[in-house]
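Presented below is the structure to which this report refers.
The values are calculated or read from the model by the stated rules, or taken from the named source; none is laboratory data. Nothing here was measured: the structure is a model prediction, and the numbers come from that model. Glycine gets a Cβ as well: all are built from the backbone with ideal geometry, and neighbour counts include every protein chain shown.
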Amino acid sequence: MSFFTNIRLQSVLLFILAVLLYVNTLGHGFVQDDPVLITHNKWVQEGVNGIPEIFSQHSFSGYLPPGSPVENVLPGGRYRPMALAFFAILVQIFDNNSLVFHLFSVLLYAFCGVLLYRLFLRALQPAAAQQPARMIAWSAALLFVTHPVHTEVVANVKSADELLAMLGALGALYLAFEAVDQRSWRWGLGAGLLYLLACLSKETAVPVLLLTPLALWIFRGNSKGAGWRPVLPMAVAFGAYMLARGTALDWNFVGEMVHDPLNNPFLKAEAQQWVPYSPDEQAATVLFVLLQYLRLLVWPHPLTHDYYPFQIGLHTLEEPIVWVSAGLYTALIGLSIWGLLQRKRIAFGIWLYLLALLPVANVFIPVGTFMAERFLFMPSAGFCFAAALLLAWPATRSSRLALPALWLAVLVAAVFGTLTVLRNPAWASDKMLMQTDLKTSPESVKLRNALGTALLTEALQTPDSASRRLYLQQAETHLKLAVERHPSYYDAILALGATVFYLNKYELSIMAYQRALQLAPDDPKPKTGLVYALRYGSEYYAQNQRNPEKAMALLSGAWEISPDTAVATRLAVQYQLAGQQAEALTWLEKALALAPNDTRLRENLSNAYRAAGQPAKAAEVLKRPQSFTTFSPGGSGGK
């Protein structure tokens, strides 16, 4: 087929196809972790001036939450400065224009597809001059470009780290083939440079250092040792990367592991505490996850951005599905070793898949989550190459089968492309993504909390009372489910306390804030929320329930936490209504002591003494000197 003789045309078509598949993401905003790395990252927002800081610290060091006077530094352990530097340059030129960021994300992805096609052609030389080999390279790149599992990487701007890592890693491998074919150190040095840039983009590029000699052996034989020429500069580049990473992270390569299932998913609840999985349980769960990765590559539907606990639960070695996974991966490893020894091309695809997946498989290094679709970005290139070999296998047996084999690859790509286009709209906004993926990940406590918090925020911004209440009720449902599954989920408990507060469910709000205060006694947020719940709860019981005893009990609780003028004044009112004038006067005195310059409060106290038959005391109150230094152990109240 003459089509396969025009490499430039095929490259252009792949590029255009990639752009068309994701053109419906260009109008999307920033979602998920985009603000952490872009709009709320102070180093990125400084543009090119922030690049030195980006390369000298861990990737989350510049995160500054909106409204926060100080940095809220997220756990370290991540060093991906290239993506942040890329974002800083875009901010310098285009500010925070989300359309531009999404456009560059799509273009980077299109370049990945073209590079992958050229790499496969280069690897298959001199067989690439033959039609079956060209079909393999084209089909593999076509499957990769259309695969729906990549939607997270392209539609979520922060995943530029995945795109840049793949461009650098596969570019380095391409130049390694050039170095061997041209017998030139120049290409080897280029491979080392690209490999360094790939590692600085994301650590998932690291295994390419091991993949390169394997690939050169499979496709070139390496009988005279020439294949080691490009590997040596790459090894030096790896050393430079580790030095830069160690310096930036203070040689703490893993970072902080919080003892919580949302940071370490291999924890289970026992006796009201989180305990680690047993080794057998962790191995079984990892095997289950690895099988899910293969399933997503073969049939990528439905997709979700959230595989956090407890969407994926604990698995044991007694489950047949775990042994199915163990058998499949044992077969893959065996086939990859046999193929390596026999220099079979399919071995390259398997090794690329296995080595690229290893850093994120929770086998040696914990990654903080069970799995993620973005983790399949580079491994999927190996899968697509192996799949293309299988699809093109009939064409190697008979030239008459070449066209049917090609159309089969096109048919699969058409299905993949359709799923990709249909998946993209879910990434338009955080709310859209969460509502869409809740259907696929209903057991995820992180997703429940995120959606509940988003609905709470939307409720507070909605003027219509009916819509506001509906949003709050929906938020309560999601947050309750999150807290039921994860009783120590601090963020969800705080959000639940606020949600039921606005629904006038003060008892539930009080319990939620009390629980949050137990978990984080030094955080002012639950203390403030609890005081508000107690204060407004007292008004509710006093006015709506006609229960002054309950109202005074709640106010007394608020006073113990935060003695302020507003609480003391409300207690005085309740005691007055109950006919306990002496107690009322005591609390008015406490209120005035906290706000001695409050003229209205001073007059109220004087009138109260006069009504109690103590005119001398009433006059004395009015004559008391005012103070210009406010005594406020818990705030002057009223706010």
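Restricted to segment 597-616, and to residues there that are of a type outside the set (Gly, Ala, Ser) and crowded, with 17+ Cβ neighbours inside 10 Å, the residue that is farthest from TRP559 (Cα to Cα) is TYR609. Given the condition assigned to a helix (DSSP H, G or I) and among the small types (Gly, Ala, Ser), answer yes or no: does some residue in segment 519-526 qualify? There is no residue in segment 519-526 that is assigned to a helix (DSSP H, G or I) and among the small types (Gly, Ala, Ser).
Could you tell me which of the residues ALA205, ALA198, ALA176, ALA191 is free of Cβ contacts under 8 Å to residues at least 40 places away in the same chain, surrounded by 24 or more Cβ atoms within 10 Å (Cβ to Cβ), within 24 Å of LEU358 (Cβ to Cβ) and not assigned by TED's automatic domain parsing to the domain that holds LEU340? Criteria check complete, one pass: ALA198. Within segment 295-310, being touching a residue at least 40 places away in the same chain (Cβ under 8 Å) and either assigned to a helix (DSSP H, G or I) or of a type in the set (Gly, Ala, Ser) (or both) holds for LEU296, LEU297.
For the subset of segment 542-580 comprising residues that are under 23 Å from ARG602 (Cα atoms) and of a type in the set (Val, Ile, Thr), which member is farthest from the chain's Cα centre (by Cα)? My answer is VAL573.
For the structure I just gave you, tell me whether ALA205 is under 26 Å from ALA18 (Cβ atoms) and more than 23 Å from the chain's Cα centre (by Cα). The answer is no for ALA205. Screening LEU352, LEU332, LEU389 for residues that are part of a helix (DSSP H, G or I) and either modelled with pLDDT under 95 or within 16 Å of VAL149 (Cα to Cα) (or both) leaves exactly one candidate, LEU389.
Considering every residue within segment 589-602, establish whether at least one is over 17 Å from VAL531 (Cα atoms) and among the small types (Gly, Ala, Ser). The answer is yes, given that some residue of segment 589-602 is over 17 Å from VAL531 (Cα atoms) and among the small types (Gly, Ala, Ser). For segment 355-386, a tally of residues being outside any helix (DSSP H, G or I) and more than 13 Å from VAL149 (Cβ to Cβ) returns 10.
Scanning segment 332-372 for residues that are loosely packed, with under 15 Cβ neighbours inside 10 Å and within 14 Å of PHE383 (Cα to Cα) returns a single hit, ILE333.
For segment 299-323, a residue qualifies if it is surrounded by fewer than 19 Cβ atoms within 10 Å (Cβ to Cβ) and in contact with a Phe, Trp or Tyr (Cβ under 8 Å, 6 or more places away or on another chain), and the qualifying residues are LEU314, LEU317, GLU319, ILE321.
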